[in-house]
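None of the figures in this text is laboratory data; all of them are computed from the coordinates on show. These numbers come from a predicted model, not from an experiment. In this analysis, Cβ positions are derived from the backbone assuming ideal geometry, glycine residues included, and neighbour counts consider all displayed protein chains.
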Amino acid sequence: MSSNPEEEFLKLTQQNGKIDADTVTQLYDQLKSIEPSFLCKDGGEWEGGCFDTGHSGIEMLKKMNWAGETFKSENDVDTVMIYDQDGKRVWLKEYGNAQLREIKFRGKVSTAMVYDNYPIIDHFRYVNDNMVVGAMDNKLKPAEQHGTLYFFLTRGINSLKKNQ
């Protein structure tokens, strides 16, 4: 095992197939907090990827062709960016916007993205200067959910290969 949780998360982003949700949770809890400005710097464009923990939301993100998120400022976030049929990165307006706030989650205060139109809060932790891990906390169809949806964001468009 690597010497720190950041290195372990980097390994998980390269892993194919199922990943144990408890492993992701334990590593997430060890990661450092970030401030809202961290997500907005360098243009605020982040490419998205998921950990396949069996959460029901993962299939939804794949079907919508999720691209990531765009953090324009602390009060202006495009919550769900997708790839359209032409491969262009576009904002999925139905999900609306969000704002960034520092919120305590799983014992640590860090930046969270609070959706304007849905009861969803994504909590972020630091992996490295170009990667964060998110934990989606929501009240949507809780009986169908399989715990927390964990995902990662990498700074810059086209920083990850599209998952198809």
Of the listed residues (Lys41, Lys32), the one being without any contact (Cβ under 8 Å) to a residue 60 or more places away in the chain and not polar (S, T, N, Q) is Lys41
Given the condition buried (at least 19 other Cβ atoms within 10 Å of the Cβ) and either of a type in the set (A, V, I, L, M, F, W, C) or within 17 Å of Phe152 (Cα to Cα) (or both), answer yes or no: does some residue in the range 82-97 qualify? no
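Residue under question is Asn117, and the condition is that it be more than 15 Å from Gly134 (Cα to Cα) and either over 15 Å from the mean Cα position of the chain (by Cα) or of a type in the set (Asp, Glu) (or both); does it hold?
Criteria met by Asn117.
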Determine which single condition Ser33 fails, assuming it passes every other condition in (1) over 25 Å from Asp76 (Cβ atoms); (2) surrounded by 13 or more Cβ atoms within 10 Å (Cβ to Cβ). (1)
All but one of (1) buried (at least 18 other Cβ atoms within 10 Å of the Cβ); (2) closer than 30 Å to Glu8 by Cβ hold for Asn128, so report the exception by its number. (1)
